[in-house]
Each structure stands twice: as C-alpha cells, then as structure tokens.
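As structure tokens, the structure follows; a few thoughts come after it.
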Amino acid sequence: MSARPDLFQLIGFGPEGWGAALITGAGMTLVIASSGFLIGAVIGVLGAWAKIKGNRWVRALADGYTTILRGVPDLLVIYLFYFGGSMLITATARLLGVEGFVGLPGVLAGAMAVGVTSGAQHTEVFRGAFGAVSPGEIEAAHACGMNRWVRLRRIIAPLTLRHALPGLGNVWQVVLKESALVSVTGVVELLRQTQIAAGSTRLPFDFFMIAAVLFLAISSVSGLVLYVAERRFSRSARRP
Amino acid sequence: MDIDFAFETFMALVGAVPLTIQLAVSAIFLGAFVAFGLAMMRLSGILPLALLARFYVFVFRGTPLLVQIFLIYYGLGQFPAVRHSFLWPLLREPYACAVLSLMLNTAAYSSEIIRGGLLSVPPGQVEAARAVGMPRLMILRRVILPLAIRQALPAYGNEMMSMVKATSLASIITLMEVTGVAARIISETYRVIEVFVVAGAIYLALNFTLSRLVLWAERALSPDKRRPASAAVPIAAATPASTGDA
C-alpha cells in the first residue's frame, strides 16, 4: 500500500468516492430496521393481548413464542426466513408451473426475521406497560359509560403507549443493530456496502470504522428523538 | 419432519456445542474483568477516567457486534505494524478475534450492570463496616461485593444469555460453532425447518441450563430471603436477633 488515498476522497461523493453508496446503504438499514420494528410492534400488541386476556391455550402459545424467540440466536431466525421463505416460494411457484429456484427478496426476509425476533421483546414491553396502567383509570372509563372500543382508543392505548415508550426505545436500538445481521443474506445495507467498499479499496479498517460511526450516528439521533418524545408524552405525569 | 435427518443433524450440531460453550465462557470470563475495571473507572470520581469509560460504553453499545467483529478480524490486518507485531499470530486467528470482540462487547453491557449493583449498596452498610474498623479492601470483599453481586445477578444473567446467543456471529468469520454447522447443513440440504428446530433446541437448552444456574446462585447469595429450615420452631424459642429480620 504505497499511495494511501485520502480518506475524505474515499468517503466523498466524487467518482472515486463511496459517499453515495454508503448513504444508500444507511437508507436500506433504516428501511429494514423500521419495517422490522413495525412488524414487531404489531406482533407485540397481539402477543401482549394474548398474554393478558387470552385463555390458557392462547397464553401458552404466546409464552412459547417469547421464550423461543428470546432464546434462539437472531442469525438462525434470519436463516430460517431467508432459506425457508425461498423454499416456500419455490414450492408455490412449482405448483403454478414455474420451474427452478425462486428466491425470496432478502429485504423482505430480513424485515420479517427482524420483526418476528423483536416481536418477542415488544410483547414483553407492551405487557409490562399495560400492567402499569392503573386499574382505577380503566374503571373510571367504565363508569363514564365508555364502550370497549372507546375505552381502548381513549384510555388504554394512550396510557399504555406512554408507559411503553422507554421500553420501545430500547427495542428500537436492538432492532437497529440486529438489522446489520441481514447483510449475511446479501442485502446491500450499510454493513454489506462497507464490506464491498473495504474489499475493493483494501482498506477494511477505515471502512468498518465508517460503518461504526454511521451506526453510532443513527442510534444517537434516534435516541434523541425518542428522548424528546418520551418527555412530550409524559408531560402530564411529570413531577413539578 | 424427517426423524432420521433430524437425528443426524442433532449429532452434527452437538459436536459443535463445545466450541459455542468455549466461546461464551471465555468471552464472559474475560469480559467480566474489563467490565469491573470500567465500572470502577466510572465510579472513581476522576473525570477523565469516568469520561473514557462512558465513551467506551457508548461506542460498544451503539454499534452492531458484527461491525466490531469485522473491525477486529478484517480491519486490524490493514496496518503493517499489526501484521509485523508479536500479536499477529493471535489476531490472524478467527477464534481469538471472536473471543476478543465478544469480550469487549459484553464488557460494555456488563459494566453498566455492575455499576448499578455497586450503586445499590446502601451507604449505611459501608459506613457500618468502616465503623467496626474494617480496612478498605475488606469492606469491598465482605460488604460491597456480596451485596452488589446479589443485586446485579438477574441482569447479569440476562447478559450472559445474550452472549450465548451472540456466539452465533462467530460463524460469520468461519468458526464452525453450532450456528456455523447449522448454516452449512442448511445450504447443503435446503432443509431449513429441521435444522432450525434442532439448532434452536440446542440454544434453548444451553440458555435454560444457564438460567437455572443463575437462579441457584441467586438463592445461594440471599440467605436472608430463604425460609428458615425449620418453620415449625415456636416463636418463643427463636432468638430475638432472628425475629428482628422477619
């Protein structure tokens, strides 16, 4: 390595620069992480509902789901969705008369895998948050003659969300870091893009350092947003 | 589900369990020392040290573990100084790099847990120990550490379990631990469900055992919460000192 190229030229937006590619990669990371987070949130609400209000079988199902997904490495779940999804699609395609291997797009498999793993954490967060809503407030809603739906929309959902916000922030940080694992399926997100750049420039340290800095930046900015949101939504509960 | 294939897979994966355990145990064991050092730095009251520890925790908790592994495994070799140093035979090995990055990563998380445990020790207890004339190290050994460890144990147990799961990332830098073998079998046979079920069951069994061990340690460290062995002892027979705790 004689003439070491200038770092700013490397990460810049010129013809030699990787800037545009890295920004696109970071965008893909955000897409995977946020869609995974949303899928997880939907699963989490259903899971918490099952754990709180479900009968014995539904509860056992939800307990099994959270126990398994919290005990199994995320990487295995990503493999399951990537290879399993592709197999399922190939089998369906064969039924429809299409021959050969049809792959599930890595982004879709990745977002689903991240969603299903984070769903277990979401479930616990929502369940804990619902438990923190004081029964008196729900009783008061009953007493005012609110029906089920109004009670859920006006009382239970906002209060649960307020208590859930700090926990949801933690889940988001985990999801963001987990999205880096989706790079193993070949999806060109931030980490995969830096791997490509590291390989072609032979500067792995510089580029993985840049990836680390970009991940730090994303997690710090989203942490700040969550902090502001937390303060906003707990205004009425704050002690003077 | 094909039972024969599942059994074959199970035998192949069980062969990889020792490597998974070895990775987890060495990372957790070495990481505990780094974590304790970091916690001490943060509580030292010396601003540069405390800031340094905070920065370390911020960086290692804010970036994905996989990036840290790549930085150490692929990144360090970029520098001729590293390639020519006496550490190179070690840093060239995927095993050493995996342990190193897992260790540095768990240290960041554990240091916060240990710090919380140390802060939870009531100042009165330390004061009392000082009042009876214990020297500083003895206070640490006999009063602070037992109380702090007991307090931090549940959270530390969770961290150990997530480390067991995190060893799976070592497969990406070619180490053939459980996930590595599972990925190989999946790509050879395309029988995802069986392999996932078997590998998942192995990780669940490992983590279940670990959680039992932590529970057992928790019980062993909290004799005050334990029910007295002979609950039928009449109150009059109990000494005044023991009734005071109830």
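The values are calculated or read from the model by the stated rules, or taken from the named source; none is laboratory data. These figures come from a predicted structure and were not determined experimentally. With ideal geometry, Cβ positions are generated from the backbone for all residues, glycine too; neighbour counts draw on all protein chains shown. For accessibility, only protein heavy atoms count, side chains too; no ligands or nucleic acids. Shrake-Rupley method; radii C 1.70, N 1.55, O 1.52, S 1.80 Å.
Details
- Calculated log₁₀ intensity ratio I(q)/I(0) where the Debye formula runs over C-alpha points of segment B:80-232, q = 0.10, 0.12, 0.16, 0.17 Å⁻¹: -0.60, -0.77, -1.01, -1.06
- Inter-label distance, nm, simple model (7 Å from Cα along the C-beta direction), residue A:101/residue B:81: 4.5 nm
- Anisotropy class of segment A:188-233 from Cα gyration tensor, a/c 1.5 cut: prolate
- Of the chymotrypsin sites (Phe, Trp or Tyr not before Pro) in segment A:75-139, those whose Cβ has at most 15 other Cβ within 10 Å and which sit in DSSP loop: A:101
- Note on chain A: Rg/Rh from Cα positions, Kirkwood definition for Rh, rounded to two decimals, is 1.08.
- Simple Cβ-charge dipole of the protein assembly as shown, Lys/Arg +1 and Asp/Glu -1, about Cα centre, in debye nearest 20: 1760 debye
- In this Cβ point-charge picture (+1 for Lys and Arg, -1 for Asp and Glu), segment A:37-187 has a dipole of about 520 debye about its Cα centre.
- Interface B-A: total buried accessible area of about 3100 Å², 1.4 Å probe, protein heavy atoms only.
- Site pair residue A:201 and residue A:31 shows an inter-label distance of 2.3 nm when each label is modelled 7 Å from Cα along Cα→Cβ.
- Value of [θ]222 nm, deg cm²/dmol, for chain A, DSSP H segments ≥ 4, -39500 (n - 2.57) each, nearest 500: -25500 deg cm²/dmol
- Segment A:1-65 - Kirkwood radius from inverse mean 1/r over Cα pairs (Å): 15.5 Å
- Figure legend: label point modelled 7 angstrom from the Cα of residue B:61 along Cα→Cβ; no residues of segment B:143-177 have amide N under 12 Å from it.
- Cα-based shape type of segment B:12-68, given that a ≥ b ≥ c are square roots of the gyration tensor eigenvalues and the cut on a/c is 1.5: oblate
- Helix-derived mean residue ellipticity, 222 nm - over chain B, DSSP H n ≥ 4, -39500 (n - 2.57), to 500: -23000 deg cm²/dmol
- Restricted to Cα atoms, the protein assembly as shown shows a radius of gyration and a Dmax of 25.6, 89 angstrom.
- Note on residue B:142 and residue A:88: the model spin-label points, each 7 Å out from Cα along the C-beta direction, lie 6.2 nm apart.
- Heavy-atom accessible surface of segment A:138-213: percent carbon and sulfur, 1.4 Å: 60 percent
- R0 of 30 Å, Cβ-Cβ distance residue B:4-residue B:174: FRET efficiency to nearest 0.05: 0.55
- Options A:217, A:195, A:13, ranked by Cα towards positive dipole end of the protein assembly as shown, top entry (Cβ charges): A:217
- A viscosity of 1.306 mPa s and a temperature of 10 °C, combined with the Kirkwood radius over C-alpha pairs in the Stokes-Einstein formula, give segment B:49-124 a diffusion coefficient of 113 µm²/s.
- Residue (of B:197, B:178, B:39) at the positive-pole extreme of the protein assembly as shown, dipole from beta-carbon charges: B:39
- Shielding by partners - mean other protein chain Cβ count within 10 Å, residues of A:80-91: 3
- Segment A:1-123 shape via C-alpha gyration tensor axes, a/c threshold 1.5: oblate
- Accessible surface calculations at 1.4 Å, restricted to protein heavy atoms, place segment A:37-187 at 50 Å² per residue.
- Range in chain A, longest, excluding exposed GluC sites (Glu not before Pro) [loop by DSSP; at most 14 other beta-carbon atoms within 10 Å]: A:100-240
- Percentage relative contact order, chain B, counting C-alpha pairs under 8 Å, at least six apart: 27 percent
- Among the residues of B:206-214, the average count of other protein chain beta-carbon atoms within 10 Å of the residue beta-carbon is 1.
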